[in-house]
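Asks: Encoded as structure tokens, here's the structure I'll be asking about.
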Amino acid sequence: LDPTTNNFIGNDRLKEWFGIDKAGEMELAQVISIIAEEDREKVIAAIQKAMEKGSDGNYNVTYSIIDPHDGNRRVVEATGKAKFDIEGNPYRFSGILQDITEEYLLQQRKDEFISVASHELKTPITTLNASMQILQRMVKTNAPPERVNTFVDKASNNLSKLMRLLDDLLNVTKIQQGQLALNKTRFNLSELVR
């Protein structure tokens, strides 16, 4: 990209991805219009940040392109760097564009699997947890042998650990989708250290 003219120079594959004739010129506005609407602002902001005076000039962004001919979506990762003159003005912005559609779809399927698996596992564990709580109450009222108390407590503790692991598994998906909610809890620091 020439920052002064906003014209691109790219190979035939790049032009094909953006629906531009091989002999045609590539302008920044034209290229931006092919980017999926939900990703445009992100791409524009990343380009502007890379070309700011005093920045390191690095550019790395993942976004989708909508093929103007057939409407197919292609997920790409753009990596580049801006070059600056002595006064700190960008005079060149170059990089590579990589098609990561397949990897992106595989990651989505993996995330969906983790989410479904977590929910499916959580249902019987919740039921088991409720049963353990009832059993603990019964143990307290009927005064059974000490060993039963010990095993019930151990089972309950392990069940709680399993529930936390499942929550963590769900949180991985939420983190990747940018939807993780912060759940604050109070705890005893000395118990944690012990």
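The values are calculated or read from the model by the stated rules, or taken from the named source; none is laboratory data. Bear in mind the structure is a predicted one, so any value in this text is a computation, not a measurement. Here the Cβ positions follow ideal geometry from the backbone for every residue, glycine too, while neighbour counts run over all protein chains shown. For the accessible areas, the whole protein counts, side chains as well, though only heavy atoms, and no ligand, DNA or RNA atoms are used. Shrake-Rupley method; radii C 1.70, N 1.55, O 1.52, S 1.80 Å.
Asks: Would you pick out the residues in region 88-124 that are β-branched (Val, Ile, Thr) and farther than 28 Å from Ala78 by Cβ?
Replies: Keep residues of region 88-124 that are β-branched (Val, Ile, Thr), which gives 96, 100-101, 114, 116, 123.
Those that are β-branched (Val, Ile, Thr) and farther than 28 Å from Ala78 by Cβ: Val116, Thr123.
Asks: Out of the residues in region 74-95 meeting the condition of being more than 15 Å from Ile47 (Cβ to Cβ) and of a type in the set (A, V, I, L, M, F, W, C), tell me which one is farthest from the chain's Cα centre (by Cα).
Replies: So the residue we want is Ile86.
Asks: Moving to a separate point now. Mind telling me which of the residues Val172, Val148 ends up being in contact with an Asp or Glu (Cβ under 9 Å, 6 or more places away or on another chain), more than 30 Å from Trp17 (Cα to Cα), open to solvent by less than 80 Å² (accessible area, probe 1.4 Å) and modelled with pLDDT under 75? Steps first, please.
Replies: Values: Val148 fails: in contact with an Asp or Glu (Cβ under 9 Å, 6 or more places away or on another chain).
Testing whether each residue is in contact with an Asp or Glu (Cβ under 9 Å, 6 or more places away or on another chain), more than 30 Å from Trp17 (Cα to Cα), open to solvent by less than 80 Å² (accessible area, probe 1.4 Å) and modelled with pLDDT under 75 leaves just Val172.
Asks: Do we find that Lys161 is modelled with pLDDT of 75 or more, outside any helix (DSSP H, G or I), surrounded by fewer than 11 Cβ atoms within 10 Å (Cβ to Cβ) and within 36 Å of the chain's Cα centre (by Cα) in this structure? Spell out how you get there, then give the answer.
Replies: Values: modelled with pLDDT of 75 or more: yes; outside any helix (DSSP H, G or I): no; surrounded by fewer than 11 Cβ atoms within 10 Å (Cβ to Cβ): yes; within 36 Å of the chain's Cα centre (by Cα): yes.
No.
Asks: Name the residues in region 57-72 that are in contact (Cβ under 8 Å) with a residue 12 or more places away in the chain and either within 23 Å of the chain's Cα centre (by Cα) or within 26 Å of Ile86 (Cβ to Cβ) (or both), would you? Lay out the reasoning, then the answer.
Replies: The first filter runs over region 57-72 and keeps only residues in contact (Cβ under 8 Å) with a residue 12 or more places away in the chain, leaving 57-69.
Passing the criteria: Gly57, Asn58, Tyr59, Asn60, Val61, Thr62, Tyr63, Ser64, Ile65, Ile66.
Asks: For Glu77, only one of the following conditions fails: (1) surrounded by 18 or more Cβ atoms within 10 Å (Cβ to Cβ); (2) out of contact with any Lys or Arg (no Cβ under 9 Å at 6 or more places or on another chain). What is its number?
Replies: Just one mismatch for Glu77, condition (1).
Asks: Another question about this same structure. Just give me the residues in region 15-38 being open to solvent by less than 20 Å² (accessible area, probe 1.4 Å) and either of a type in the set (Gly, Ala, Ser) or out of contact with any helix residue (DSSP H, G or I) (no Cβ under 8 Å at 6 or more places or on another chain) (or both), in sequence order.
Replies: Within region 15-38, Val31, Ala36 meet the criteria.
Asks: A further question follows. Which of the residues that make up region 87-145 are open to solvent by 80 Å² or more (accessible area, probe 1.4 Å), in a helix (DSSP H, G or I), touching a residue at least 12 places away in the same chain (Cβ under 8 Å) and of a type in the set (S, T, N, Q)?
Replies: Gln133
Asks: Of the conditions (1) without any contact (Cβ under 8 Å) to a residue 40 or more places away in the chain; (2) surrounded by 15 or more Cβ atoms within 10 Å (Cβ to Cβ), Ala50 fails just one. Which one is it?
Replies: The failed condition is (1).
Asks: Would you be able to tell me the number of residues in region 53-72 that are among the basic types (Lys, Arg) and surrounded by 10 or more Cβ atoms within 10 Å (Cβ to Cβ)?
Replies: Just the residues of region 53-72 that are among the basic types (Lys, Arg), to begin with: 53.
Now restrict to residues that are surrounded by 10 or more Cβ atoms within 10 Å (Cβ to Cβ): none.
Qualifying residue count, region 53-72: 0.
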